[in-house]
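J.: Got a structure for you, written out below as structure tokens; questions coming shortly.
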Amino acid sequence: MTDNGNKINNKSTEEKQEFDSSRRRFVKNTGMIIGGVAGGSVLGGLLTNQFQSDTETTDGKKEPAPATEARMFFTRYEDFVVLEQATERIYPEDDNGPGAIGLGVPYFIDKQLAGKWGVNAKDYRQGPFLESDPTADMSSLTRGEIFILGLRKINEESQSRFDTTFAKIEAEQQDEILANFASGDVDMKGIGSNRFFDLLRTATLEGAYSDPMYGGNRNIEGWKMKEFPGAVASYADIIDEEEFVKMDPVSLTNYQQKS
Amino acid sequence: MAEKLDRVDVVIVGSGWAGGIAAAELSKKGYDVVCLERGKDHSTEDFIGAKDELKYSRRIEMFQDLSKETLTIRNEMDEVATPHRSNETNPINGTDTGGSGVHWNGQIYRWLPTDFEIRSKTIEKYGEDMIPEEMIMQDWGITYDEIEPYYDKFEETIGVSGEQDPLRPEMSRPFPNPPLKETATTRLFKKTTKEMGYHPYHMASANVSEQYENPDGETINACVYCAFCEQYGCDFGAKADPIVTVLATARRHDNFELRNNSYVVRILHENSRATGVRYVDTQTGLEYDQPADLVVVGGFTFTNTRLLLLSEIGKPYDPVANTGVIGKNITTHSPNLTHLRVRGFFDNKKFNRYAGSGALGATMDDFNLEQLDHTELDFLHGFLIRSTQLGTRPITHNHVPEGTPTWGQEFKDKSLFYTHRNLDIQQQNGVLPWRYNYMDLDPTYKDAFGDPLLRVTSKFHDQDRNIVRYAHQRGKDILEKMGADHITVPEITDETEFDHTSLGDHTAGGVIMGDNPETSAVNNYSQMWDMENLFVVGASAFPHNSSSNPTNTVGALTYRATEGMIEYLENDGGLLIEPETERSKS
């Protein structure tokens, strides 16, 4: 999919307004119309977060979102929403605990792509790229490019099959599309859709289970579900136990030396 | 134009186990030694608080920077090889001070007496017809009895914690430390396999069971089972690595210097004598020539092979003409074949899988090369079986029974449920060399300095697949007896092929040892037949790969090599061994 540059697609912009109820209320109350004629500054103001409510907790109090949760890599909100929805289907919230969104996985992936991993800095990148059906690592595309291409392709598939964006279709419909990506049945430029899906799946698990300092595994909830104790200095006292020993997980924040 | 530095007695390429042992032994003897390491400096203080799975196991922090150099891979000679681009596809070998010896697991085994005389013994037992066409197995030019004292020496240096394998030759003395602790899984493995008539024992470990001072006076701390060994530096100085052992010993001597960020690009030579090495300071881009009386190349298999090819030392191997030696006999324990594992899932048993140590486990040798009768089998060599407890970190361990989806709600639920309710039975088999599996220089792809990359040409043979299939069935039998409710046996089809995930960190060959210069590059002191003041040490010297882990044999052969180096320096040179002149049959 080509990049539209500064031009914003009207249809998807309108849909995004509907997806975000607080923003829609603002639009309704003020009577402002979003369309092709709207000026950049008005539109820019609307698409920022300043009119949105903070996260509401169960007891009704509002908590500010963590200051580390803003997009570094993804310039388009619309791409990020697809990332949120796709990772949540790969690792959904259930009786075990939070899903990818609750664990901060989308922001984790955003941060990873903004760093050296996203541009394959430690990889050998000289051409020619001759592999047929390359994995993400072997592709001529960087990981950042693969994510952008893949997420936009997911939205395209949703539009063509269900006439609306990926974020708005039912979970079963989202799964159907993701399953087609996973089996390599969606045509993508430069890389197989299954290769993109493998990258997405792996990154999702990395976000769920890496140390919380990277932005995922929020509140160590991933490790709690996984019963992984994290950065524990010694297991010398329990290593020979016959029965399972459950431990509260410790992150590197509470392990590394600090001044 | 390279700047010429002051001459030293010895220059060593690489600071891993091979380079590190040479550094310690030669420095102790008072020689002026410079050791060149392409990677950065690091030490135990860098590993404190390094319990970070994303950084070390997923982003592969401690492995070679492939943006500077990698290798290319193909199956057949008529194919175009493609570069191995990312460590995340498959991490192969290390970099930085201590090399791969810093982030190893510390699993210690000796190789079998038969390994060193494999061709003679196979012919003696079964006749020459038993060896398949194109399998170029050959004797090592050394016997087990000759290498045994050097195994002992390396084991003392690294404080091996273990016990005698009941099926192997009695060691000249016990390991210096008792085995690591038992766990629920080692007890279950031993009980089950004993009931089946096998001979399990506790794996030997270089993560030491008790604080230990080695013969050089270096201290290794007691392992605390924190489960961050594989791909990590040890948080506690409890894993014997080159930094806390041999390099520490070398550094006690003013006549030793370790130079980091020094990428060796050529071995310099004149009139069949090595005169030194040329390297690039990667922080300035400047080239230097380091002259030396003796040159020791102690890098990984690929580095050693490539440096000889780039420097035009020794005759490159030509598989079609079956001539030459440099680049032949590449073998590896492939992650996508040799290391595929049978896994059992237990609905009602939960183990402390998060805890462990890199070489903690129970193993058995009942199916090794010497125990099996190959007349009724469709493979040669043999395999070990083991159940390890290395610590299952959460990103890389999400195993689910067969038939479970790989993503979504059911995957999440089952991968969480079985996290501590699964065990794998690992087999590791001997890998034998083939005529058309070899290394040479790539015609297309270059490194950061403009030199050709190393090219690996390799494919699997029926032998390679059959031995793993057979071993997996033995693993399945054990898991059934253990009471596993679901067992996953990896599928190996005739299409299972060598690819970009096949080169393991146990890759060997390229500069192999033997007793005949026509079929080997170095003698059993790792001295080049064609250049007597050049010693090429490490797994590059192995004519084949045995069924157990290679580091103990790297250590042993390097200790022997250092004896040769010292003899060479003290006695004004010459070949340390008379070559056999008649070309051996292959």
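J.: Tell me, yes or no, whether region A:129-142 has at least one residue that is within 30 Å of B:Asp499 (Cβ to Cβ), polar (S, T, N, Q), within 19 Å of the chain's Cα centre (by Cα) and surrounded by fewer than 19 Cβ atoms within 10 Å (Cβ to Cβ).
T.: Scanning region A:129-142 turns up at least one residue that is within 30 Å of B:Asp499 (Cβ to Cβ), polar (S, T, N, Q), within 19 Å of the chain's Cα centre (by Cα) and surrounded by fewer than 19 Cβ atoms within 10 Å (Cβ to Cβ).
J.: Please enumerate the residues belonging to region A:177-226 that are on the phi > 0 side of the Ramachandran plot and open to solvent by 40 Å² or more (accessible area, probe 1.4 Å).
T.: Once the filter is applied, which keeps residues that are on the phi > 0 side of the Ramachandran plot and open to solvent by 40 Å² or more (accessible area, probe 1.4 Å), region A:177-226 yields A:Gly190, A:Asn219.
J.: Taking the condition of being loosely packed, with under 12 Cβ neighbours inside 10 Å and at the interface with chain B (Cβ under 7 Å from one of its Cβ atoms), how many residues in region A:244-259 meet it?
T.: 1
J.: Any idea how many residues of region A:100-111 are small (Gly, Ala, Ser) and either facing another protein chain (nearest Cβ under 8 Å) or under 15 Å from A:Phe73 (Cβ atoms) (or both)?
T.: 1
J.: Please go through (1) farther than 25 Å from B:Ile60 by Cβ; (2) among the acidic types (Asp, Glu); (3) touching a Pro at 6+ places or on another chain (Cβ under 6 Å) for B:Asp477 and return the number of the only condition it doesn't satisfy.
T.: (3)
J.: In region B:398-412, what count of residues is obtained for those that are open to solvent by less than 40 Å² (accessible area, probe 1.4 Å) and either hydroxyl-bearing (Ser, Thr, Tyr) or modelled with pLDDT under 95 (or both)?
T.: 1
J.: OK, next. Inspect region B:412-434 for any residue being part of a loop (DSSP other than H, G, I, E, B), under 25 Å from A:Ala233 (Cβ atoms) and more than 12 Å from chain A (Cβ to nearest Cβ) and give the result as yes or no.
T.: no
J.: Let me ask another. Kindly provide the set of residues from region B:242-260 that are assigned to a loop (DSSP other than H, G, I, E, B) and touching a strand residue (DSSP E or B) at 6+ places or on another chain (Cβ under 9 Å), ordered by number.
T.: B:Val244, B:Thr245, B:His253, B:Asn255, B:Asn260
J.: Is it true that A:Tyr124 is farther than 25 Å from B:His500 by Cα and either open to solvent by 40 Å² or more (accessible area, probe 1.4 Å) or touching a Lys or Arg at 6+ places or on another chain (Cβ under 7 Å) (or both)?
T.: Considered against the rule, which asks whether it is farther than 25 Å from B:His500 by Cα and either open to solvent by 40 Å² or more (accessible area, probe 1.4 Å) or touching a Lys or Arg at 6+ places or on another chain (Cβ under 7 Å) (or both), A:Tyr124 comes out as no.
J.: Here are some conditions: (1) crowded, with 22+ Cβ neighbours inside 10 Å; (2) within 14 Å of chain A (Cβ to nearest Cβ); (3) among the aliphatic types (A, V, I, L, M). B:Val160 meets all but one. Which one does it not meet?
T.: (2)
J.: Surrounded by fewer than 24 Cβ atoms within 10 Å (Cβ to Cβ), in contact (Cβ under 8 Å) with a residue 40 or more places away in the chain and either assigned to a helix (DSSP H, G or I) or within 14 Å of chain A (Cβ to nearest Cβ) (or both): does that describe B:Asp216?
T.: no
J.: Continuing with the same structure: State whether one or more residues within region B:375-383 are modelled with pLDDT of 95 or more, within 12 Å of chain A (Cβ to nearest Cβ) and open to solvent by 10 Å² or more (accessible area, probe 1.4 Å).
T.: No, every residue in region B:375-383 fails to be modelled with pLDDT of 95 or more, within 12 Å of chain A (Cβ to nearest Cβ) and open to solvent by 10 Å² or more (accessible area, probe 1.4 Å).
Matching residues to (1) at pLDDT 95 or above; (2) outside any loop (DSSP other than H, G, I, E, B); (3) out of contact with any Ser or Thr (no Cβ under 6 Å at 6 or more places or on another chain):
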{"residue": "B:Gly450", "(1), (2), (3)": "yes, no, yes"}
{"residue": "B:Leu453", "(1), (2), (3)": "yes, yes, no"}
{"residue": "B:Val456", "(1), (2), (3)": "yes, yes, yes"}
{"residue": "B:Lys459", "(1), (2), (3)": "yes, no, yes"}
{"residue": "B:Asp464", "(1), (2), (3)": "yes, yes, yes"}
{"residue": "B:Val468", "(1), (2), (3)": "yes, yes, yes"}
{"residue": "B:Arg474", "(1), (2), (3)": "yes, yes, yes"}
{"residue": "B:Asp477", "(1), (2), (3)": "yes, yes, yes"}
{"residue": "B:Thr493", "(1), (2), (3)": "yes, no, yes"}
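J.: Counting only residues that are more than 12 Å from chain A (Cβ to nearest Cβ) and open to solvent by 10 Å² or more (accessible area, probe 1.4 Å), how many does region B:341-366 have?
T.: Qualifying residue count for the region: 4.
J.: Look at B:Thr338 and say whether it is in a loop (DSSP other than H, G, I, E, B), away from chain A (no Cβ under 14 Å), among the polar types (S, T, N, Q) and in contact with a strand residue (DSSP E or B) (Cβ under 8 Å, 6 or more places away or on another chain).
T.: yes
J.: For region A:112-121, check the following and say yes or no: at least one residue is aromatic (Phe, Trp, Tyr), closer than 27 Å to B:Tyr445 by Cα and either surrounded by fewer than 20 Cβ atoms within 10 Å (Cβ to Cβ) or within 9 Å of chain B (Cβ to nearest Cβ) (or both).
T.: Yes: one or more hits.
Results for (1) within 30 Å of A:Arg89 (Cβ to Cβ); (2) open to solvent by less than 10 Å² (accessible area, probe 1.4 Å); (3) in contact with a Leu (Cβ under 8 Å, 6 or more places away or on another chain), shown as yes or no for each residue.
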{"residue": "B:Leu390", "(1), (2), (3)": "no, no, yes"}
{"residue": "B:Thr396", "(1), (2), (3)": "yes, no, no"}
{"residue": "B:Arg421", "(1), (2), (3)": "yes, no, no"}
{"residue": "B:Ile425", "(1), (2), (3)": "no, yes, yes"}
{"residue": "B:Arg435", "(1), (2), (3)": "no, no, no"}
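J.: Given the criterion within 24 Å of B:Asn523 (Cα to Cα) and without any contact (Cβ under 8 Å) to a residue 24 or more places away in the chain, identify the matching residue among B:Glu124, B:Glu170, B:Glu117, B:Glu134.
T.: B:Glu124
J.: Follow-up. Using beta carbons and a limit of 6 Å, which pairs, at least six apart or on different chains, have the first residue in region B:219-231 and within 7 Å of another protein chain (Cβ to nearest Cβ) and free of Cβ contacts under 8 Å to residues at least 12 places away in the same chain and the second one open to solvent by 20 Å² or more (accessible area, probe 1.4 Å) and not in a strand (DSSP E or B)?
T.: none
J.: Output the helices (runs of 4 or more DSSP H) that fall wholly within region A:138-225 and possess 2 or more residues being away from chain B (no Cβ under 14 Å) and closer than 25 Å to A:Lys111 by Cα, or say none.
T.: Per the criteria, A:143-162.
J.: Which members of region B:219-264 meet the condition of being open to solvent by less than 10 Å² (accessible area, probe 1.4 Å) and either among the β-branched types (Val, Ile, Thr) or more than 30 Å from B:Tyr354 (Cβ to Cβ) (or both)?
T.: Scanning region B:219-264 gives B:Ile220, B:Thr245, B:Val246, B:Leu247, B:Thr249, B:Ala250, B:Ser262.
The values are calculated or read from the model by the stated rules, or taken from the named source; none is laboratory data. Computed from a prediction, not measured in an experiment: that's the story for all the values here. Every residue, glycine as well, gets a Cβ built from its backbone with ideal geometry; the counts of neighbours run over all protein chains shown. Just so you know, the surface numbers come from the protein's heavy atoms only, side chains and all, with ligands and any DNA or RNA stripped out. Shrake-Rupley method; radii C 1.70, N 1.55, O 1.52, S 1.80 Å.
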